[in-house]
Amino acid sequence: MELPRRMRGDELLRSGELLALRQRLRKVAPRHNLSAVIACAFDHRTRMLPFIYADTRMTPAGVRAIGSALVDSGFDKVRIVLQQWNPRFQPSRMKLDGRVPDLFLISSMGMHGQKAMAMIRDAWRIDKSVRPLIITGGPLAVYEPHRFFSADPSNAASADVVVTGEEFVLLSLLEAILDLRADGESVRSAFCRARQQGALDGIPGLVYPVVDQADRPIELIDSGVQRLLGDLDELPSPVIGYSLLEPPSRLATLGPKALAADQIRRLSPISSIVLTYGCKFACKYCPIPAYNQRQHRLKSGARIAEELDQLQRTYGLRYFFGADDNFFNDHERTMDIVTTLTRAEPGGQPLRQRVRWHTEATVHDTLKLREQLPLIRESGCRGLWLGVEDMTATLIKKGQDANKTIEAFKLLCDAGIGPHPMMMHHDSQPLYSRKDNYGIINQVNQLRKAGAISVQVLMLVPSPGSALYDSTYESGQAFESVAGRTVAPWMHDGNYVIASYAHRPWIKQVNIWLAYLSFYNPLNLLRALRRRKTKLGYRPAGMQIVGMLGLTQNIRRTFTWTLRLATGRFKRATQPPASPLPMRAPDGGWAEHAPHSGQCTHTVTTTSPATGLIPLTIAKA
């Protein structure tokens, strides 16, 4: 399921290619007068640690980026709807500028896929003559585009086209459609003609259906893996996206105007911002390196400083989270960004005094930059999320071990940068071990003592786009259902045990609760308050409060699933989920975004885990 790599030298767009595309679209935009609604799918059943609070208080960067790209290209009638804030929004009732929008775009993560499909089905209630062109994107589209299409003849509601890439792919799609669109013709009608004439086949990063006379998908065409934007300075300003947000409401319709600028800081006090993309490590459970075509992409320090300054001045935003894969990936270029942020004084005011930013890194690279940590802190950095996963490096080796991890955490604390470890619980790891640090609680306690101010503990689950995805299913490790309940997409967030060889997998579920409880508890809150005079201040105490509140949600939401794991019968999948429709390339060849070659998921039934018996081997049907 890893995305294949393009030919060497053809992974990236040519310099200036995105800028030139936006300039071409600005020339034709006034004639077409398009309107667009962008929806961010969100399933409220995923509201628990480690996502609690940030899931509704940090406006996603993806939908803002798409909105910014459209407006910057001349299409200024755009509204962004967040299901986090507008849970009752119904696409069938949306009107923008007094009419049904020309474009309806949906961005979704895999765990929110059911909500995305529900919006597509509702949008299909709009009369076909005025129905907007339905475009989907986001992480779900990148790795599982087939999930946006229905093979059910009685309910064929599907996306018109899936964008499996970034802004350049979407804008290229619009350019191809508008080149063929006649005056007064709907965008969806022009899209259908472009599809029939093969005008979309040469745009890498699209998946679209071949349909029958009743407009039902019968097969999917995959135009291949996208070319990536190498110079992130070419992206439109993120300031634009915030001006397009729909105000929170319980209504099914859109409001008369977008959210006022003075309300953004109150509703979304944390701003996600793109700094760099890519990671030097190739962890088998992670799809990030393959997605980035093994490339490292970044913005210049000057551009980052400009964006932080504009967002702070325009909306009063002070706290930022860098949407990085590993900010410390390239040490020289990292320090160039940090030095620029430290020295930046736009308008005569030091930027480092007005903003606080956080991002992701690795233990290995943090130690390589130990001498530079004070300067990184001076630039405004106040926290790093570190993919520790397993301190003993049994699960994955990224240059870390227990001693190096503890050393890195203490260095960060001494510099005033809060370490936030991200851990993965897995089958071979016990809750507690006496003679070593292998137990999950052993590691969590060591991290707390070393200075961690929060902790993330997730179960290792099948991750689409990763090297381990297929084998997790083919080996019989992944559950298809437990006690008659099918494993749903929203359960793929790492909080639910949905793949395990353990004889009693419910214990793994309880282990996650206990690991969190060993970190987030009143005693540790008191300890954090006693240490408030350190450089980390009240941040550890604040995270303790958030963590304890979030843990109650985790236990409440996963309790019933734990009972099912303890008392029910399993069905174990023996093949990964397949596309409901055949997929091919435009020339009839292999589809690069196709899932496992099998078209059916075969399952076998095992005995109840409560008996402690599972088959020694799982035979494929």
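The values are calculated or read from the model by the stated rules, or taken from the named source; none is laboratory data. Just so you know, these numbers come straight off a predicted model, no measurement behind them. Ideal geometry is used to build each Cβ from the backbone, glycine not excepted, and the neighbour counts take in all protein chains shown.
Determine, yes or no, whether Ile221 is more than 24 Å from the chain's Cα centre (by Cα), within 30 Å of Ser466 (Cβ to Cβ), among the hydrophobic types (A, V, I, L, M, F, W, C) and modelled with pLDDT of 95 or more. For Ile221, the condition - more than 24 Å from the chain's Cα centre (by Cα), within 30 Å of Ser466 (Cβ to Cβ), among the hydrophobic types (A, V, I, L, M, F, W, C) and modelled with pLDDT of 95 or more - is met.
Among all residues of region 265-272, there is none that is part of a loop (DSSP other than H, G, I, E, B), closer than 16 Å to Ile38 by Cβ, touching a strand residue (DSSP E or B) at 6+ places or on another chain (Cβ under 9 Å) and without any contact (Cβ under 8 Å) to a residue 12 or more places away in the chain.
For (1) part of a loop (DSSP other than H, G, I, E, B); (2) within 21 Å of Glu167 (Cα to Cα), each residue gets a yes or a no:
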{"residue": "Leu18", "(1), (2)": "no, yes"}
{"residue": "Arg24", "(1), (2)": "no, yes"}
{"residue": "Ile38", "(1), (2)": "no, yes"}
{"residue": "Pro50", "(1), (2)": "yes, no"}
{"residue": "Asp55", "(1), (2)": "no, no"}
{"residue": "Ala65", "(1), (2)": "no, yes"}
{"residue": "Ala69", "(1), (2)": "no, yes"}
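Restricting attention to region 49-70, which residues are touching a residue at least 60 places away in the same chain (Cβ under 8 Å) and surrounded by fewer than 20 Cβ atoms within 10 Å (Cβ to Cβ)? Scanning region 49-70 gives Phe51, Ile52, Tyr53, Ala54, Arg57, Met58, Ala61.
Taking region 385-485 and the helices (runs of 4 or more DSSP H) fully enclosed by it, the elements with 1 or more residues that are in contact with a helix residue (DSSP H, G or I) (Cβ under 7 Å, 6 or more places away or on another chain) are at 402-415, 440-450. For Thr562, indicate whether it is of a type in the set (Val, Ile, Thr), modelled with pLDDT of 95 or more, surrounded by 18 or more Cβ atoms within 10 Å (Cβ to Cβ) and under 21 Å from Phe51 (Cα atoms). Judged against the criteria, Thr562 is a match. Only strands (runs of 3 or more DSSP E) whose full extent lies in region 148-238 are considered here, and the ones with at least 1 residues that are closer than 30 Å to Phe321 by Cα are 161-163, 206-211.
So, of the residues in region 71-108 that are outside any strand (DSSP E or B) and of a type in the set (Phe, Trp, Tyr), which turns out to be nearest to the chain's Cα centre (by Cα)? Filtering region 71-108 for residues that are outside any strand (DSSP E or B) and of a type in the set (Phe, Trp, Tyr), the one nearest to the chain's Cα centre (by Cα) comes out as Trp85.
Just to verify a result, which residue in region 1-38, among those that are touching a Leu at 6+ places or on another chain (Cβ under 7 Å) and closer than 30 Å to His492 by Cβ, is surrounded by the fewest Cβ atoms within 10 Å (Cβ to Cβ)? If we take residues in region 1-38 being touching a Leu at 6+ places or on another chain (Cβ under 7 Å) and closer than 30 Å to His492 by Cβ, then Glu11 is surrounded by the fewest Cβ atoms within 10 Å (Cβ to Cβ).
With Pro204, Pro132, Pro236 as the choices, which residue is at pLDDT 95 or above and either closer than 30 Å to Ala305 by Cα or among the hydroxyl-bearing types (Ser, Thr, Tyr) (or both)? When all the criteria are applied, what remains is Pro236.
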